[in-house]
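One structure is given here, and the rest of the page talks about it.
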Amino acid sequence: MPRQTLLAKVWDAHEVAPETPDTPAVLYIDLHLIHEVTTPQAFDVLRERGLPVRRPQRTLATMDHSTPTEPAATLEELDKVALPAAAGQVRAMIRNCREFGLELRGLDSPERGIVHVVGPELGATWPGHTVVCGDSHTSTHGAFGALAFGIGTTEVGHVLATQCLLQRRPGAMAVNVSGRLGPGVTAKDLVLAIIRRMGVGGGTGRVLQYRGETIRALTMEQRMTVCNMSIEAGARAGMIAPDDTTYEWLNGRPMAPQGADWDAALNRWRDLEDAGGAEFEREVDIDAGSLRPMVTYGTNPGMSAQIDEPVPSSGNPAVDKALAYMGVEPGKPLLGRGVDIVFLGSCTNSRISDLRAAAGLMRGRRVADNVRMLVVPGSQQVKREAEAEGLDKVFLAAGAQWRESGCSMCLGMNGDTVPAGSLCVSTSNRNFEGRQGPGARTVLASPLTAAAAAIRGAVADPRELMNP
Amino acid sequence: MEKITRIASRTMVLDIDNIDTDQIIPARFLTTTGREGLGEAAFHDWRYNAEGQPNPNFMLNRKENEGRAILVAGDNFGCGSSREHAPWALLDSGLRAVISTRIADIFRSNSLKNGFVPVVIDARPHRWLVSNPGAEVVIDLENACVELPEGPAAPFEIERFARYCLMNGVDQLGYLIQQEERIGAWEQRRA
Ligand code: SF4
């Protein structure tokens, strides 16, 4: 008999009621992450029906999307730096958490940050967990061997009220990666290559399981970058079976199991390890050894090319439309194209290793004259860690801005936006039209490529700036 | 919830693949804490130019599309973010259903919970619909098919429970709450 996929193992362990032809499964949710944008209407439903939050301790609340990245530890300071509507949403979050008895990692909390950075950082995401959030990049947590996926606000209400969701079991698809990533080629380049290969709808209805020697060799932060962008291939979730790298990361974190509980957990988790032999609906194989740094040239994350590879020539109306929006010349590489803004941040690439990589390239160098660079750590903890290492000094000395944590320019809800027509090299995950502001042009890239673009003032190959 | 069995309307066509939720409703409109009045934000940056003037060629601004409730869109509609504001905005703009060849998972799930009907049909009838904007069609939930003005009806797959909920106006939270005993028992078992 074939072995079970990781998806099947986690799913089976959480079925409160199995699915039937007429009804979906009732799936128990271990960890519910919430933030200010996709929850207010869900709390309203609870209020209307007089329902409490069923398991407040399974809910982890923070603020990130519309929260300003200018310092604002109090409501008075918030009103000074935030847009009124955004401030209103932040206030609603504070009110709702208080009313429903939820601990909020709020404005003044040292544990505030982007929800997908904070969860793993606190050790809240465990192998074998089911994790949901009103946010599509919940797929990030799959890096720990959790089944983690984004839901809408109505479902946020379902989880708050019942700690369960009604779900049909998705299909499982394997992404097998072999070969060693070359110098200057990162997990971000790898996942962009995977999305390019699969197409932005290629994973629809499925959960991806990333496997192979290349994946095993990645650190947890790199694995999170890969799983984070699973949704950009249309997948419901992305998962990586746990191994010693996973356990080492988790051990000792505040919300991870402690003492005897840790040993018991470790025993359970080892059953989730990938012993091979599982059958998938579909498999794709990727050779990571031949990859070069990747950049997107178009208006979805699948429209990407290796940095020195010509973007497609015209002919396809969708590509033509995207190139026109981006102001990119068909048939030529993006390399050398002038850059206005560089954004280092987002739940894809704002962890300490991302900041270290970029700072490593920028140490002793300056951001080009016409470029504005914004560095936004993923959480307040990442920020403190970076400051302890002096990374803030490196960025500031180079002429970049150093901010408080949050989603920031990834989606431009908090006032950090890219002006119309400006080109931004961004370490975030979406280059959709207007994502970073109306008319903004986004080139997705790794932290190394973003740092190189800041220094050169143009799309540049980071390998040329790296010490041999 | 309103009961939905059939949606009969002329169609409007937006033949673009991979229309993402940032196009359906840009992020800057998500600072709301309610769900009403988002219709004006639907497709905002395609519908209005930089000066805020309506783009006369955009489908929602065209006179002949007034009152039409069915959108025919390109492949992979609704990809991107989990914002439920997307179906809220579409419903508030007067649309009640979308027909495509593929619809992104979270958008589809969000739509079904709000009475916005996501319909995935084969490429052939879809191509016909794209080349015949304004066609009078009926989305028939009972028989899970789209009746076209000519030729056979185009069948579509719809999850049975979601269809049941749409047709009977059942709200899924009520159903989940009825599972309380099982949920409690499961928690006990695991503890
Ligand atoms: S950083 Fe960007 S992608 Fe990540 S949760 Fe925030 S808005 Fe979403």
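Descriptive notes on the structure:
- Average accessible surface area per residue within the range A:287-358, 1.4 Å rolling probe, Å²: 33 Å²
- Take every Cα pair under 8 Å whose residues are at least 6 apart in sequence, average their separation, divide by the length of the range A:312-405, and the relative contact order is 27 percent.
- Cα centroid separation - the range A:343-391 against the range A:1-73, whole Å: 31 Å
- Relative contact order (percent, whole number), the range A:267-311, Cα cutoff 8 Å, 6+ residue spacing: 22 percent
- Global dimensions of the range A:1-142 from alpha-carbon coordinates: Rg and Dmax equal 17.4, 63 Å.
- Rounded to 10°, Cα long-axis angle of helix B:180-190 versus longest principal axis of chain B: 60 degrees
- Occluded residues from the range B:131-176, i.e. those whose accessible area drops by 40 Å² or more once the chain is not alone (1.4 Å probe): B:GLU159, B:ARG160, B:PHE161, B:LEU173, B:TYR175, B:LEU176
- Percent antiparallel among DSSP beta bridges (both partners in the protein assembly as shown, rounded to 5): 30 percent
- Using just its DSSP H runs of length 4 or more, each adding -39500 (n - 2.57), chain A gives a mean residue ellipticity at 222 nm of -9500 deg cm²/dmol after division by all residues.
- The calculated Kirkwood hydrodynamic radius for the range B:1-41 is 13.4 Å, given to one decimal from all distinct C-alpha pairs.
- Principal axis dimensions, largest first and in whole angstrom, of the range A:317-468 by Cα: 49, 37, 23
- Dipole moment magnitude, nearest 20 debye, the range B:52-191 about Cα centre, only Lys, Arg, Asp, Glu C-beta charged: 320 debye
- Membrane-span-like helices in chain A (whole DSSP H runs, Cα extent of at least 20 Å along the helix axis, mean Kyte-Doolittle hydropathy of at least -1.0): A:84-99.
- Calculated FRET efficiency for the pair A:SER109/B:ARG190, C-beta based, R₀ 41 Å, to 0.05: 0.85
- A P(r) calculated from all alpha carbon pairs of the protein assembly as shown, with 10 Å bins opening at zero, reads 3, 16, 28, 28, 18, 6, 1, 0 percent.
- Here the range A:363-439 is treated as an ellipsoid with the same Cα gyration tensor; its semi-axes, largest first and in whole Å, are 23, 16, 9.
- Taking every alpha-carbon pair under 8 Å whose residues sit at least 6 apart, the range B:37-98 reaches a relative contact order of 50 percent.
- Between the beta carbons of A:ASP285 and A:GLU76, assuming R0 = 51 Å, the FRET efficiency works out to 0.35 to the nearest 0.05.
- Summarised as an ellipsoid, the range B:91-148 has semi-axes of 19, 13, 12 Å, derived from the eigenvalues of the Cα gyration tensor scaled by 5 and square-rooted, with the largest first.
- Radius of gyration, Dmax [the range B:39-191; alpha carbons; angstrom]: 18.3, 61
- Interface size B-A, as summed buried accessible area [1.4 Å probe, Å², nearest 100]: 4500 Å²
- Evaluated at q = 0.13, 0.20, 0.21, 0.22 Å⁻¹: base-10 log I(q)/I(0), Debye formula over Cα of the range A:224-266: -0.40, -0.72, -0.75, -0.78
- Rounded percent of accessible protein surface that carbon and sulfur make up, the protein assembly as shown, 1.4 Å probe: 48 percent
- Over the residues of chain B, the helix contribution to mean residue ellipticity at 222 nm works out to -8000 deg cm²/dmol, using -39500 (n - 2.57) for each DSSP H run of at least 4.
- For the range A:273-299 versus the range A:97-133, the inter-centroid distance based on Cα atoms is 30 Å.
- Order by protection proxy (mean Cβ within 10 Å, highest first), peptides B:92-101, A:201-210: A:201-210, B:92-101
The values are calculated or read from the model by the stated rules, or taken from the named source; none is laboratory data. Fair warning: this is a prediction, and the values are worked out from it, not measured in the lab. Positions of Cβ are generated from backbone atoms using ideal geometry, with glycine treated the same way; all protein chains shown enter the neighbour counts. Remember, those area values only see protein heavy atoms, side chains included, never the ligands or the DNA or RNA. Shrake-Rupley method; radii C 1.70, N 1.55, O 1.52, S 1.80 Å.
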